[in-house]
Amino acid sequence: MNPAVVFQARGLTKVYHMGEVEVHALCGIDLDLYQGEFVVLLGPSGSGKSTLLNILGGLDTPTGGRVMYGERELTRYDDAELTAYRREHVGFVFQFYNLIPSLTARENVALVTDIARNPMSADEALRLVDLGERLNHFPAQLSGGEQQRVAIARAVAKRPAVLLCDEPTGALDVATGIKVLEVIERVNREIGTTTIIITHNVVIAGMADRVIHLSNGLIQSEERNASRVAPARLSW
Amino acid sequence: MRALDRKLWRDLWLMKGQAVAIGLVILCGVATYIMFIAILDSLRATRADYYSHNRFADVFVSLKRAPEGLRRQIEAIPGVTRVETRVVAGVNIDVEGFAEPVTGLIVAVPDEGYQPLNTLYMRSGRYVEPYRADEVIVSEAFAEAHGFTPGDRLAAVINGRRQSLTIVGTALSPEYIHQLRPGGIFPDYKRYGVMWMGRKALGNALDMDGAFNDIVLELAVGASEHDVIDRLDRLLDRYGGLGAYGREDQRSHRFLDEEFGQLDMMSKMFPVIFLGVAAFLLNVVITRLVGLQREQIAIMKAFGYGNATVTWHYLKLVLVVVLFGVAGGIASGAWLAHLMGTIYMEFFRFPYLTFTLNAHVLSEATLASMGAGALGTLLAVRRAAALKPAEAMQPAPPARYRESWPERLGLRRWLSPSNRMILRHIGRRPFKSAVTVCGIAVACGITMTGHFQKDTVGYMLDVQYGMSQREDISLVFTEPTSYRARYELAALPGVRRVEVQRSVPVELRNGHLSYRTAIRGMQPGGDLQRLLDAELRPIELPSSGVILTDYLAEMLGVRPGDRLTVEVLEGGRPVREAIVAGVVKEYLGVSAYMELGALNRFMREGPAISGAWLAVSDGDELARLYRALKDMPRVAGVALRRQEIRNFNKTMNESLLFYTFVAMIFSVIIAFGVVYNSARIALTERSRELASLRVLGFTRGEISYILLGELGLLTVIALPLGLYTGRLLCWMIAHNLQNDLYRIPLILQPNTYAFAVTVVIAAAVVSGLVVRRRLDQLDLIGVLKTKE
């Protein structure tokens, strides 16, 4: 039997109005994402992958089509419901970490655990990303890789149903990038969080259960890896 | 337009809210400066013009009585160019249909019509016809108060004789620009009037035919006023001269001078504050703008723009904002000066107001504002212009934070992450935070100055009329009278209590220091007039020695126990010594006091009195009492305490309201300018952080708390500082307004503090709401895509 469907998207379209020009970011996407799945979204700039991720994460709303999150229709949520949805169910990791500079590593994580319903402790989340040591350092005192691991700890500490990563290694060197991917992989494996990574980097596709190629706002192809490659064995 | 200039206008458009907020602060600075200077210049110019056109005298003296023949000798004093001898007397006026006692001054004018000095400025009707004993010209203010027009009639008791008079004209005089009943504090045009009558007729009425009791002189340019006064005093010694004085001691002139001094001080104090705040704001905003434009500056420099060009570019941006403020400030300052002008015309009876706005004032205001703006900006711009292009093109290093001091003190676990963010953010930019706090504090302080006048004058009245002068009616006799008058007064209808006094004009001297005033002899154990010590407790009059107003003791450099020379200015003009027995607290005027018996002994005269204080019961008897007082020929002046208080409320409220309103508007602008700019800068600096929080699931309310909580906290810190600043500003005002006419105590009522706090909080809340609206439009996605 298939694992439970977490997201079900049907006929998803998104049109941006840039002045007098209409940009069709998504042109009718149908997609199911399953519980515990590790998905990599690949595609060139402007293919619509970030738009898709933003809609799934409740940061944006589609122009047409609908998204079901479990039994509920995400696309009908109003702003307050979307805020609550992000607060309870979604973990985000961004290319530029987006840590709060005035809070230490532990406090950045605590920021989320303070408002989530069933979080792990901040220390536990930081141990999960191998950052048990530099808990009381401010972002400005951490390296890029360390900052990104804090961001991951912050994203997973609430035990989200889904972890959405937008170019998580984009700003990092190879060795640090791999370390970060290991952490994401471990969270997916150990906590069973549905994980979606969008990237330009084709190499990362090797560690996914499923790889989805986007182009011009449409799903071009989909493939399932027979086995997931450990991040340590990736290189680019 | 060059591309760089186009960038300037676009940048300005992007920061229009902040530009307007700063421009408004500059506007306030320029407006206050222009307002105070313009009204001051206008009043000065008007007074000078009026004085010269109407030949306002240079030296004044009153005396008992001298024969007209003395005039020759006065004219012969070197330096004297014109002399007018005249008769002047106090009168009781009876206005039909107006029950309360009205007193006034009647001044003789030449029958021939040519007035050598203090020429009347006729406002309506005509000049008196020669030798007519039933014609008077009345002061315009008095006529307006009673609705008199030429042809109307009134009665006056002159020298004990009741005379029916016809008003033939209304006029103004340079001598009575500020018209006050002797001993009065505020003009009361209904109960005190100045009238002019032909010299011959008035002379007859006062038994002064061929004699005079008042002289006004004009001096040659460069003549020594001091020498003339000296000679005049010696000449008039045997005619009961009361001591000559120059313009600076002439009552109306003196009041105007004091008012001008106050305006002058305000014109120095307030613009400096406003321009200081504006310079700080410009510095903060431009520092931020330049910070955001590091990369653009680098690119401009990479393309070959020089440091000077880049610096000039940003300076131009600042100057546009400054010039906007200056233009608005000049316009609103001129408008406010006009408004003030109309208020002043109520107090000061000028025939016209020559509105003066000197070009040098405009250029001073412009240069000062540009200077303040440029100074505030130069540092920020220089720092940006000095960056190497390669360096500037790199993103600015990440913000460094550290734990705030409350956390280091161990309060950490009590603070939520949001509160920690607020504290650490304040701590990271202590200078900027301090500027915000100072700005808000100044706004708070300025609001208080608006209310201070009301508080302090209210307090002075409380002390004067609630604790010290508690009589209902005070009256003065035409000349010292026997003690028996007391019983006559007590028998009048409605009189509950009578206390008597004697007033003796004197010159008090200590070495080279001297002051002309009156010693008042007061009944021991008096309840209607009491002397108060520094703690405002009533004091007992000692059986000998003289008591001085504390300020008078200071002026004369004497302390209790010291000796003082007393030259009596009436009768045989004896010169005696007196011991200073103590000092008393008084805010209005300065005076000397003795126990009545002691004063009579000091004068070596029997029991005589020159005035009385009455406590009366309300009701029907009051009208009969007024009637009876009007018919008593020896009663020269009557003042009603209740009326004095009402006068204050009526005449002062209007002008105080204006000050309060202007001060409030300006402080709101400062508070708004400071808080709004801080909020906008914080928003630009932290939009990325706040958007990240929104993505993490924080609500709009929660991120608003983080951003606005900081401003809230700074406002809360600023408030006590602001109340202190307000006290300091009020102290500066009060301290600069100490003179023998009045001393202003530093009194601030709780209401004033509460009002200032309310105004500042309201301004902060409004700026918070404006910024909050922008928070709702945060671009959650875009902000995550870019590195700052």
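For the reader, a short list of remarks on this structure follows.
- Test: residue B:273 is open to solvent by 40 Å² or more (accessible area, probe 1.4 Å) and of a type in the set (A, V, I, L, M, F, W, C): no
- Residue in segment B:540-554 that is open to solvent by less than 10 Å² (accessible area, probe 1.4 Å), at pLDDT 90 or above and touching a Lys or Arg at 6+ places or on another chain (Cβ under 6 Å) present: no
- Qualifying residues in segment B:583-618 (those that are surrounded by fewer than 20 Cβ atoms within 10 Å (Cβ to Cβ) and of a type in the set (Asp, Glu)) - the one nearest to residue B:502 (Cα to Cα): B:605
- Test result for residue B:725, open to solvent by less than 70 Å² (accessible area, probe 1.4 Å), in contact with a Gly (Cβ under 6 Å, 6 or more places away or on another chain), away from chain A (no Cβ under 14 Å) and polar (S, T, N, Q): yes
- Those strands (runs of 3 or more DSSP E) lying entirely in segment B:508-609 with at least 1 residues closer than 25 Å to residue B:639 by Cα: B:513-522, B:546-549, B:575-584, B:592-595
- Where helices (runs of 4 or more DSSP H) sit wholly within segment B:684-788, those with at least 1 residues that are modelled with pLDDT of 90 or more occupy B:700-735, B:750-775.
- Checking segment B:87-104 against the condition returns no match, with no residue being crowded, with 19+ Cβ neighbours inside 10 Å, more than 30 Å from residue B:474 (Cβ to Cβ) and touching a Ser or Thr at 6+ places or on another chain (Cβ under 9 Å).
- Residue in segment B:370-391 that is farther than 30 Å from residue B:500 by Cα, of a type in the set (A, V, I, L, M, F, W, C) and at pLDDT 85 or above present: yes
- Selected residue (only one of B:268, B:301, B:200 is basic (Lys, Arg) and touching a helix residue (DSSP H, G or I) at 6+ places or on another chain (Cβ under 7 Å)): B:301
- Single match in A:182, A:167, A:190 (criterion: open to solvent by 30 Å² or more (accessible area, probe 1.4 Å), under 16 Å from the mean Cα position of the chain (by Cα) and either among the charged types (D, E, K, R) or more than 25 Å from residue B:698 (Cβ to Cβ) (or both)): A:182
- Test: residue B:627 is more than 22 Å from the chain's Cα centre (by Cα) and surrounded by fewer than 17 Cβ atoms within 10 Å (Cβ to Cβ): yes
- Residue check for residue B:12: in contact with a His (Cβ under 6 Å, 6 or more places away or on another chain), of a type outside the set (S, T, N, Q), in a helix (DSSP H, G or I) and not assigned by TED's automatic domain parsing to the domain that holds residue B:570: no
- Residue match in segment B:454-476 (condition: within 14 Å of chain A (Cβ to nearest Cβ), open to solvent by 30 Å² or more (accessible area, probe 1.4 Å), of a type in the set (Lys, Arg) and in a helix (DSSP H, G or I)): no
- For residue B:670, the stated conditions hold: it is more than 30 Å from residue B:469 (Cβ to Cβ) and in a helix (DSSP H, G or I).
- The residues of segment B:688-708 that are facing chain A (nearest Cβ under 7 Å) and of a type in the set (S, T, N, Q), listed by number, are B:692, B:699.
- In this structure, residue B:645 does not qualify as among the aliphatic types (A, V, I, L, M), buried (at least 21 other Cβ atoms within 10 Å of the Cβ) and under 38 Å from the mean Cα position of the chain (by Cα).
- Among the residues of segment B:664-677, those that are touching a Leu at 6+ places or on another chain (Cβ under 9 Å) and open to solvent by less than 10 Å² (accessible area, probe 1.4 Å) comprise B:670, B:673, B:674, B:675, B:677.
- Residues of segment B:261-279 include at least one that is hydroxyl-bearing (Ser, Thr, Tyr), in contact (Cβ under 8 Å) with a residue 60 or more places away in the chain and within 30 Å of residue B:373 (Cα to Cα).
- Qualifying residue in segment A:124-135 (condition: more than 10 Å from every other protein chain (Cβ to nearest Cβ), open to solvent by 10 Å² or more (accessible area, probe 1.4 Å), in contact with a Ser or Thr (Cβ under 9 Å, 6 or more places away or on another chain) and at pLDDT 90 or above): no
- Any hit, segment A:139-147, residues being farther than 25 Å from residue B:698 by Cα, polar (S, T, N, Q) and outside any helix (DSSP H, G or I): yes
- Whether a residue is surrounded by 24 or more Cβ atoms within 10 Å (Cβ to Cβ) and more than 13 Å from residue A:231 (Cα to Cα) was assessed, and residue A:149 passes this test.
- Residue, farthest from the other protein chains (Cβ to nearest Cβ), within segment B:406-418, restricted to residues that are assigned to a helix (DSSP H, G or I) and open to solvent by 40 Å² or more (accessible area, probe 1.4 Å): B:409
- Within the option set A:225, A:216, A:201, being free of Cβ contacts under 8 Å to residues at least 24 places away in the same chain and surrounded by fewer than 21 Cβ atoms within 10 Å (Cβ to Cβ) holds for one residue only, A:225.
- Check on residue B:333, open to solvent by less than 70 Å² (accessible area, probe 1.4 Å), of a type in the set (Gly, Ala, Ser) and in contact with a Leu (Cβ under 8 Å, 6 or more places away or on another chain): no
- Subset of segment A:82-123 (residues that are closer than 20 Å to residue B:400 by Cα, hydrophobic (A, V, I, L, M, F, W, C), out of contact with any Pro (no Cβ under 8 Å at 6 or more places or on another chain) and at pLDDT below 85): A:96
- Inclusion of residue A:161 among residues that are open to solvent by less than 10 Å² (accessible area, probe 1.4 Å) and within 14 Å of another protein chain (Cβ to nearest Cβ) is not warranted.
The values are calculated or read from the model by the stated rules, or taken from the named source; none is laboratory data. Predicted model only: the values in this text are computed from it and were never measured. Note that each Cβ is placed from the backbone with ideal geometry, even for glycine, and that neighbours are counted across all protein chains shown. These accessible areas exclude ligands, DNA and RNA; they are computed on the full protein's heavy atoms, side chains included. Shrake-Rupley method; radii C 1.70, N 1.55, O 1.52, S 1.80 Å.
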